[in-house]
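Single-structure report; data block below.
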Amino acid sequence: MAKKLYVGNLSYATTATTLSELFGSMGEVLSVNLITDRMTGNSKGFAFVEMAEHAAALKAINELNGRELEGRVIKVAEAKPRRDD
């Protein structure tokens, strides 16, 4: 079953390809959604990564949370369900 992860405190230079490669070392990555500002197109410093397997997602959380990536200590956690406001 697929599992979505929140990845925060990213460098503004981090790309979806970089995240796909990093998380791909933990297991199959289904998608990477790097959040950008609608007006400027610049990264907002966080992303969502969808992993194919729950076990791979847990491995990514355990091994990548607190790891340095491009000069920033990233946060990796299970994504919370989207709220309907």
Only listed residue being over 18 Å from Tyr12 (Cβ atoms) and out of contact with any Pro (no Cβ under 7 Å at 6 or more places or on another chain), chosen from Glu68, Glu53: Glu53
Can you name every residue in the range 37-58 that is over 13 Å from the mean Cα position of the chain (by Cα) and either part of a strand (DSSP E or B) or of a type in the set (Lys, Arg) (or both)? Arg38
Quick one: how many residues across the range 1-53 are at positive phi and either in contact with a Lys or Arg (Cβ under 7 Å, 6 or more places away or on another chain) or surrounded by 14 or more Cβ atoms within 10 Å (Cβ to Cβ) (or both)? 3
Which residue is nearest to Lys80 (Cα to Cα), if the candidates are limited to the range 54-65 and must be surrounded by 14 or more Cβ atoms within 10 Å (Cβ to Cβ) and of a type in the set (Gly, Ala, Ser)? Ala57
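Readers should treat all values here as calculations from the given coordinates under stated rules, not as data from a laboratory. None of the values given here were measured: they were computed from a predicted structure. For neighbour counting, all protein chains shown are included, and Cβ atoms are generated from backbone atoms with ideal geometry for every residue, glycine included.
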